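Undergrad: One structure, as structure tokens, below. Some questions next.
Every read-out reported here was derived from the displayed coordinates using simple, explicitly stated rules and does not represent laboratory data. Everything numeric here is computed off the predicted structure, so don't read it as measured data. Positions of Cβ are generated from backbone atoms using ideal geometry, with glycine treated the same way; all protein chains shown enter the neighbour counts.
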Amino acid sequence: MSNNEAIRMKCNSAEFFDKYGHYRESKFTQLKHHWFWKINFIFRRLRVTKKFNGFVMLIEDDYYLLPDSLFMFNEMLKLTNDSNCIYSLGFRGLGKEISQTSISNDKIPFQSHIINK
């Protein structure tokens, strides 16, 4: 929805779009807030994980974990063992065949607004 359309429809947040001109959509915002709250709670409030500084693998409840997932994760760590990296196990784009995918250490900017389809 464009800014003009939002103003014409008298949306409460018509003037509060992000730098790309997008508006918050509750179904996506709720999901982001859910994960943000969960991760903050685990690493700031629980004694057992408060001082943890290792790697964490977040697995969505609708994902299927393949037997070689940990092997592939360790292969990714060999490419760049950087605590500031977000490692993503899965397809990087829609429509790619498995034979066309590979392990890569190219720098892809994190975009939180992109979700799995």
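Undergrad: If you filter segment 1-80 for chymotrypsin sites (Phe, Trp or Tyr not before Pro), then keep DSSP loop positions with at most 10 other Cβ within 10 Å, what is left?
TA: In loop regions of segment 1-80 (DSSP not H, G, I, E or B), the sparsely surrounded chymotrypsin sites (Phe, Trp or Tyr not before Pro) are F16, Y20, Y64.
Undergrad: How much length is gained if the chain between S13 and F28 is pulled fully straight, taking 0.36 nm per residue apart and subtracting their Cα-Cα distance, in nm to one decimal?
TA: Between S13 and F28, full extension yields 3.8 nm more.
Undergrad: Using only the C-alpha atoms of segment 1-78, find the volume of their convex hull and express it per residue in Å³. Numbers along the way, then the final one.
TA: Details: hull volume 13.8 nm³, N = 78.
Residue-normalised Cα hull volume stands at 176 Å³.
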